[in-house]
Every structure is written in structure tokens, then in C-alpha cells.
1. Would you please list the contacts, defined by Cβ atoms under 7 Å and residues six or more apart or on different chains, that run from a residue in the range 240-269 that is over 10 Å from ALA221 (Cα atoms) to a residue that is among the hydrophobic types (A, V, I, L, M, F, W, C) and in a helix (DSSP H, G or I)?
2. What is the one condition in (1) surrounded by fewer than 20 Cβ atoms within 10 Å (Cβ to Cβ); (2) over 17 Å from SER164 (Cβ atoms) that ALA34 does not satisfy?
3. Does the range 133-142 contain any residue that is open to solvent by less than 30 Å² (accessible area, probe 1.4 Å), within 28 Å of ASP40 (Cα to Cα) and in contact (Cβ under 8 Å) with a residue 40 or more places away in the chain?
4. Would you mind telling me which numbered condition in (1) in contact with a helix residue (DSSP H, G or I) (Cβ under 8 Å, 6 or more places away or on another chain); (2) assigned to a helix (DSSP H, G or I) ALA196 fails?
5. Would you mind finding the one in LEU127, LEU152 that is outside any loop (DSSP other than H, G, I, E, B), within 18 Å of PRO4 (Cβ to Cβ) and touching a residue at least 24 places away in the same chain (Cβ under 8 Å)?
6. Does the range 15-24 contain any residue that is open to solvent by less than 80 Å² (accessible area, probe 1.4 Å), farther than 19 Å from HIS150 by Cβ and among the hydrophobic types (A, V, I, L, M, F, W, C)?
7. Taking the residues in the range 91-105 that are open to solvent by less than 20 Å² (accessible area, probe 1.4 Å) and touching an Asp or Glu at 6+ places or on another chain (Cβ under 9 Å) as candidates, determine which candidate is farthest from VAL320 (Cα to Cα).
8. Are any residues in the range 55-90 over 30 Å from the mean Cα position of the chain (by Cα) and surrounded by 14 or more Cβ atoms within 10 Å (Cβ to Cβ), and if so, which ones?
Amino acid sequence: MQSPFIFYCRPGFESDCAAEVQSYAAAFDLAGYANAKPLDGYVRFYLFDEQSEESFYDEIDLSELIFSRQWFWAKSELEQLSPTDRVSPVVELAAELGTFSALLVEHLDSDVGREFSKFCKKFTTPLTIALEKKGILLKEGNIDNHEQLHVLFLANDHCLVGCSPSGKASELKSGILRLKSPKDAPSRSSLKLDEAIQVLMSNKQRKAIFRLGNTAVDLGAAPGGWTFQLVQRGMQVTAIDNGPMDKKLMATEHVIHLKENALTWMPVKPVHMLVCDMVEKPSLVANLMAKWLLQAKTEQAIFNLKLPMKKRFQEVSDCVGEICDQLDEAEIKYDWKAKHLYHDREEITVYFRRQMPKQN
């Protein structure tokens, strides 16, 4: 029996996650098949031989996957663990795998998986102590190995044990960045942009763009959840929406509110960043973002694509592909990332950055 690769996703998106992983493997000429149940919140992906498994392990990079939050290579599956000693069997298996720089005791983001949240927290401490005592989990400053050890509990007596390379999988448990909604944020949608900025942009990119006085546009801004995040980072924002904006946000004097059509309005001067969270067809939003980028009206764009109920991976591929095709045809250099974020629902969040023409 081959060892499965485990990919975590939002419950209900298992088929999309599976389709993407299958496509990802095929790009490296690796054949495999996915196994997933609706609403489980994860996918098992199997390759047909050990050499293919090793190749896939070396190639996977979480940042290149949209619907996956976390992944690891499950080397063993433990069932019917004794309630009096769950630690020893895990330590024994981990010893066979090598040494590790980090430990992630995880649960799935499903209704069943969340029931094990407290259990995983309690289990982490005794397992950490046991692994460090055996020299399996290395303490900081004495780390040559850069692999993470994953212990995914599917039930109190049932877990998968495996590994992932640090830097190519998430360092966060279950791949979830948990954020608290700011007290003054006009809406909870504020968390989506906060997460997008932290997940999709590098530290260097954030430092370059979020500076006092830099300008941004928020299309479909009302009541201002995304505008709030930009203002908090020092930007001057033009909010485009026929609806009302939050009064406290407008009082900051960092926002200009224009009651214009967000699908047709364009700035006279280019801005540093464009954000967009409109409930529109994904293809319409994709072409609108391409228009802004092609005309150099923005240097960077973060936007949501609201997805249909079926063939969501295909819809994402088509929409992102359309933007890339238009930029390629215009010979514009760019890079992009996309992710089905924890705070997203029936949508994904996309980040594009283009190389701006030099000013005379």
C-alpha cells in the first residue's frame, strides 16, 4: 500500500482540492489518484510507486496550490490507540522517520475535526517532551534538518503521522492563520484582506507598498471593511461604491468616497494598490482586474473571485489564465498568487503584481 499525501481544505471543497492536486502532479508527469469524502476537509492523494512519491514530495510547494491549506506525506496510520498511552506509538513511528525541526499536532476544519481541538492542544505538550527526550524533535539552534513532523488526529484513537519540508508547507497548525476582528472594523470582511496581505504578499512586498501617503482604490468598498485595512497600513484610499461608508472610517480623513460605478470608474493617476471584493461574476472581475493592470492604473491588485457551486477549480484556472494571457500578450512582467483563505467562503482571493513602466 502506497503512503498517501494529505491535503487539508475547507469542508465542501474536497473535489476542487483533489482536481488541483491531480493537475499539479500531472505537471510533473506524475500519475496518481485522489480519495476524498464530502465535508471531511481533506484529500488523500496516492501515487503509484515509491520513486514517484519521492519526486512529488520534492516538488510540492503549498504557495503554488490554491485550495490546499496544508499538506504532508503520511508515512503511517495509527488506529485503536490506547487511551492510557497514545504518545509511545507516535514516538516510535517518528523515530523511524528521522529528526524534525518542528511538531504540528493537527485536526481538520470539519465539524468532526474541530471536536479534537482541545485534545490536540493537550496532547502536544507530552508528545513534545517525549520527542525531545529521544532526540527526534530538535531544539532551536541545533537544527540541521528542516522537516516538520505532522500528527493529524481523525479521532481520539486514530491519527496519521508524516512529514513535510519546512518552507514548502505551512508552519501554522492545520494551515490556518487565526485573526481577531479589529474592534473598529466596519465589517468582518476586513479579516479577508488582512489574511490575504499576510499570506499572499512577502515581507518585502508589504514594506514596499504599505507606506504613509501611498494610494489605493477599493472597488465596491461599502461599508469599508477592506478600506479599513488599507487605512490602518497608512494608505490614502479612494472608495468606490454607491452605498454608504462607515462614519468612523470617513472621520480618519484618509478616505475619499466616490459614488461611482465600480465596474467602469478609473483613476486619472495610477495608484499603488487596487482591492476589490464585489459580488460579481468571476470572469467579469478577472477582466476588470486585467484592464487596470494592462493600463498601468495600479501596480498591485488583491481581489476576490466569487465561485460557482460546481467546477470551481476550472473556473479559477480560466479566470486567472485570462488575466495572465492578456498580460503576456502585452509583454508585461508580473507575478501572482491565489489562495482559498480561511476567512474566504465561496470565493478565492488573488494577488497580482505587475512591473510598472519607468517614469520619465
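1. So the pair list comes out as LEU249/PHE228; LEU249/VAL231; THR252/VAL231; HIS254/VAL231; VAL255/VAL231; VAL255/LEU249; LEU263/LEU288.
2. Every condition holds for ALA34 apart from (1).
3. no
4. (1)
5. Just one listed residue meets the conditions, LEU152.
6. yes
7. PHE100
8. Across the range 55-90, the qualifying residues are LEU81, ARG86, VAL87, PRO89.
The values are calculated or read from the model by the stated rules, or taken from the named source; none is laboratory data. Since we're looking at a predicted model, the values are computed, not measured. In this analysis, Cβ positions are derived from the backbone assuming ideal geometry, glycine residues included, and neighbour counts consider all displayed protein chains. For the accessible areas, the whole protein counts, side chains as well, though only heavy atoms, and no ligand, DNA or RNA atoms are used. Shrake-Rupley method; radii C 1.70, N 1.55, O 1.52, S 1.80 Å.
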